[in-house]
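Working notes for the structure below.
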Amino acid sequence: MNALLSDLALILMVAGVVTILFKKLKQPVVLGYIVAGVFAGPHISFLPTVVEVESVDFWGKIGVIFLLFGLGLEFNFKKLKKVGGSGFITVFTEVVMMFCMGFFVGRMLDWNWVTSMFLGGMLSISSTSIIIKAFDDMGVKNKKFTQMVFGALVVEDMVAILILVMLPALVLSTSFNGVELADKIAHLALFLLLWFTGGIYFIPSIFRKIKNFLTGETLIVVSLGLCFMMVVITIKAGISEALGAFVMGSILSGTMHSEKIVKLTKPIKDFFGAIFFVSVGMMVDPSAIINYWQQILIISAVIITAKPLAATLGLLFSGQTLKNAILSGICLCQIGEFSFIIVQMGLDHKVLPEHLYPVIVTVSIVTTFVTPYWIKLGEPLYNLIYNNWRNCIFSFFITSNISLVISSTS
């Protein structure tokens, strides 16, 4: 107990100091938590470090549950209707291209096909929290192109959940026989059926009947009780606990108390979410960053260049103008919390090398620092492309006319 308390005190104090510094530097707080974890982790010997690393890791998993529960609370089918076909086409194009790109880069780095598939999954999803923070700092949250980015992020969150569920089944399918694989698919299908029926009919109607008894205290107890009940059910069914938390959050988002639940659970989500990101930083070995710096640079370069390009193409395919497509697509130039969850899942299944964790975390830090500067380049990049394209058309038109005049004269 003394070790747990001292570890918690150390984590919170270091995280508090570092995040205040990051706020002053106008950097995302998430990065501050990760850097605080590096300082408090076992790989830094000249500073006080945590004693019970396993316990902090467990708290970090609780943080994942609250992060996904909070994400589910902010998700509902009305948002999907508002996104429309544009968001789905954009995300489909981006995810397919980046998954293939990640797999190709992994194979190019001589990684096995399992590690390469996980890398594809990590590169497919952008960071909602980092993008929103960048928009707030830059004062562009209410511009037209940011609304398209938010729409794409809503669909990306759904895709991220599917990746968390399907990726382990794909990479571990070689060890399954047909009966086991069919059983897993049946469990998933039954679970999704319960999600839709519970979300549309059962739980919201119960909440309406007992609304007079749901004070703030009872509401938070009931909501978190339902969340962890769903997490246990998904674990028993052999499905990711992250999906269970997200599903229950999305079910509760359809109740009349959804806004109050979000408000009540936000401090708890922030607290355990901070511990999760600190636990991410604790697993970063600085020596691994030095040893694998080439891989970090290659993956970072791919994300910064290929990911905005894929998103821009998706937006163009969905019917957006060139300007809106470039300004929106260039915002999706980073990876974040879902990538940490995916790589942790791979380590839990013992299908990924240990060095991949600090590599991905470092890549996330690099791409996060680049994000606000990359967003500022959106307008100049559009002007450059538009002017060059217009000049090319003009030159082609002039050249064609000159050729016609010469041919007619001759």
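None of the figures in this text is laboratory data; all of them are computed from the coordinates on show. Everything quoted here is computed from the prediction, not taken from an experiment. Every residue, glycine as well, gets a Cβ built from its backbone with ideal geometry; the counts of neighbours run over all protein chains shown.
Quick look at the numbers
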read-out	value
Gain on full stretching of the segment that runs from ILE298 to LEU193 - 0.36 nm per residue minus C-alpha separation	33.6 nm
Shape parameters for the stretch 333-384, alpha-carbon atoms, Rg then Dmax in Å	14.9, 48
Spin-label proximity, LEU109 to the stretch 298-321 - amide N less than 12 Å from point 7 Å beyond Cα toward beta carbon	298-303
Packing-based order for 107-117, 330-340, 354-364, using average beta carbon neighbours within 10 Å, highest first	330-340, 354-364, 107-117
Rounded if a/c under 1.5, otherwise prolate or oblate - the stretch 241-393, Cα gyration tensor axes	oblate
Separation between Cα centres of the stretch 301-331 and the stretch 248-274, rounded to whole Å	32 Å
Shape of the stretch 289-360, Cα gyration tensor, a/c cut at 1.5	prolate
